[in-house]
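The values are calculated or read from the model by the stated rules, or taken from the named source; none is laboratory data. What you see is a predicted model, and the numbers here were worked out from it, not measured in a lab. Quick note on the areas: whole protein, heavy atoms, side chains included, nothing else; ligands and nucleic acids left out. Shrake-Rupley method; radii C 1.70, N 1.55, O 1.52, S 1.80 Å.
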Amino acid sequence: MSARAVVGSVSQAAGVIALLALSAPPVRALSSPALATRPLYSAGGYSPEQPFQRPVSVAVSEANRVIYVADPADHKIIALSLQGVHGFTIEVGKHFDPVSAAVGPGGRLFVADRAAAAVRIFSSSGDIEAELPLAELGEGEPVRVGRITLDAAGKLYLVDQGNCQVLVFDENRQLKLRIGRRGAGLRERGVETR
């Protein structure tokens with residue numbers, strides 16, 4: 001399917017952006033002044049200025065009109081306008097491994113960072129606001145951060161690949177539920193288990 005054939009929601013367009021980036025050779029051109037003024041992608045397809053090495057997740061904030069692309073190979077999150085124009089880049093350091101991104105209430109960006117075994121929370125402008133450490137939550141195996149999502153109420157759902165479970169946090173980032181294989185034995189600590 002070509003980029004021209006896709007008509008529909010923002011999530012479909014974001015999926016096409018990710019697919020186009022995966023099929024293109026890795027080229028780093030974040031410092032190019034041209035990126036600030038023209039789209040990275042057009043109806044014609046791939047642009048040689050694409051800034052991704054290996055995008056793995058995309059999150060869209062329609063309220064802030066931003067597409068966030070997680071690129072763990074390059075240790076960064078790239079923020080683009082809905083038209084594909086580069087806005088800013090979130091770089092925490094070489095040990096930043098963003099494997100999933102989700103937009104929460106107020107347009108805040110939640111990033112699952114596998115290297116830190118944490119969820120990092122950023123403002124809509126890319127400033128770090130908080131961190132939810134996960135390392136001590138492992139049951140049997142260390143938490144291996146996977147995909148995340150948030151619901152409309154602000155509950156955070158995180159896949160723990162190391163323990164074959166889903167961790168559910170309330171809007172105050174308190175663990176409320178474990179769903180999956182290694183969730184047994186938590187009732188004594190006040191955490192519901194299924």
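Observations, loosely collected:
- Cross-link partners of residue 94 among lysines, defined as those whose alpha carbon lies under 23 angstrom from its own and excluding same-chain residues fewer than eight positions apart: 76.
- Given a 1.4 Å probe and the protein chains as shown, residue 108 ends up with an accessible area of around 70 Å².
- Solvent-accessible surface (1.4 angstrom probe) belonging to residue 136, in square angstrom, nearest 10: 130
- Hits among aspartates and glutamates - C-alpha to C-alpha of residue 155 under 14 Å, sequence gap 8 or more where chains match: 170, 171
- Carbon plus sulfur fraction of accessible area for region 56-95, probe 1.4 Å, in percent: 50
- Heavy-atom accessible area ranking, 1.4 Å probe, most first, across 128, 148: 128, 148
- Annotation: average projected area of region 51-194 is 8.3 square nanometres, based on the convex hull of Cα atoms across all directions.
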